[in-house]
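Structure first, commentary second.
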Amino acid sequence: MSLSLPVLAIVGRPNVGKSTFFNRLVKRRAAIVDDTPGVTRDRNYSIAKYGRFEFLLIDTGGFEPESKGIKHLMRQQSQLAVEEADAVIFMLDVREGWTADDEEIYRYLVKSEKNIYFVVNKTDSEKQRQEVYEFYQSGRETIYSISAQHNLGIDDLLEEINQSFPLAPQEQQMDSSAAIKVAVVGQPNVGKSSLINSILQENRMVVDETAGTTRDSVDSLFTYKGQNFSLIDTAGIRRKTKVSQKIETFSIVSSLRSIERSDVVLLVIDGTQSITTQAAKIAGYISDRKRAVVIVVNKWDLAKGRLSNQKEKKLDIYERLAFIDYASIVFVSAKTGKNVSKIFDLVNESYHQFTRRIQTSDLNTILEQIVAKHSPPVKSGRPTRIYYGNQVVSSPPTFVFMTNNPDKTNSSYERYMINQLRYHFGFRGTPLEIIWRKRVSKYSKQTH
């Protein structure tokens, strides 16, 4: 697991191939939260694992210098992506050449003082590669030609970027304290820093009512009931005057980096509000990265009305964040300190489940009961059999099940299997993974 992933932002005019390039690098993995109608202007984040490289990639909807309405918001999202990034891939279209809009975008990027890589896309043929020379009128000395669609030139581009800052993942070093790494994440102003202060019982963080006060991730070490913890606070983004103050924004990049470094994530939400889109995005990323999680409902002392009932609030949370319904929920007040001490009992339990291993014999005894209760789907009138299973890894617990027909063990049956594993073994607070593999019979080995 990498300690700190570098961040690359893809910026350019609409329709120059940014999303194709993004999909190529992330191998068409699903985004953190699937796009819904009306929000395609938002930035899209994903971990890219391409060749020997690993980094965080931000896709943007399109940067139009003079724009209004939805296009204006898309431009603002692009500006925010530039602020969050370590380096910027400025994507251009060889078929349209160097345009006035490209020039204006470039002037903005130069002012950002970020590393900029000129990347001319859609150079699918030798003739188109020759046309790249038109872009040297920009004054850039180095221009890269690629074809995102046909996977040309991308390796050379990443090798060059790697010369400026390492894209290859760093090996995580285990420290002598064997501290459990706990990331504290959540949208701005939900009380993350106040919560950490309450946990540490000292003011190590800057606490301010203004969203985005914390600018850098800060680790705090402490011991609870004999166990060492490393508490990772996540940074907000300082909103600059050139970016509209009307956009509610936060440094999702900092949250993603902190989640990458963690064993257990504390997802802090505001108990006085319903689940927001931003909170759901962060929860989606926790799910995507397969981390153990505890949901901390802060400001519970201020909750009023229907959602001040803990039972109803839990139902609301699990309904809106169904993809992490395995998480424990604790209601706290960082301001008064109420229930804060309960958080790390749940963290300890979640970590124990996250790193837990099940004996193969115990697993297969339960497997017989699970299959007897509900058989897997039938294929062409022939029964699907699950012969045996074993746990191949922990963090998170991952199980391989051997079957004669892995294609028919669909997502519905997989959900059933996971629910049954939780019913019999617990696994509260941790995601589970299942891998289906086809068992090759001895007869088929002899006939080939």
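The values are calculated or read from the model by the stated rules, or taken from the named source; none is laboratory data. All of these numbers come straight from a predicted model, not from anything done at the bench. Cβ placement follows ideal geometry from the backbone for every residue including glycine, while neighbour counts extend to all protein chains displayed. All accessible areas refer to the heavy atoms of the entire protein, side chains included, with ligands and DNA or RNA removed. Shrake-Rupley method; radii C 1.70, N 1.55, O 1.52, S 1.80 Å.
Quick look at the numbers
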| quantity | calculated |
| --- | --- |
| Estimated FRET transfer efficiency (T365, N151; beta-carbon r; R0 45 Å; 0.05) | 0.40 |
| Pairwise label distance in nanometres, T336 with R306, each label 7 Å out on the Cα-Cβ vector | 2.4 nm |
| For a label point 7 Å along the Cα-to-beta-carbon line of V400, residues of the range 412-435 with backbone N under 16 Å | 433-435 |
| Order by protection proxy (mean Cβ within 10 Å, highest first), peptides 11-18, 98-105 | 11-18, 98-105 |
| Fraction of accessible area attributable to carbon and sulfur, the range 276-350 (%, probe 1.4 Å) | 49 percent |
| Links that overshoot a 27 Å alpha carbon limit, given the list K281/K438; K114/K335; K304/K342 | K281/K438; K114/K335 |
| Burial order of peptide ranges 282-294, 309-321 (average beta-carbon count within 10 Å, highest first) | 282-294, 309-321 |
| Packing rank of 388-398, 132-142, 87-97, 423-433, where each peptide gets the mean count of other beta carbons within 10 Å, highest leading | 87-97, 423-433, 388-398, 132-142 |
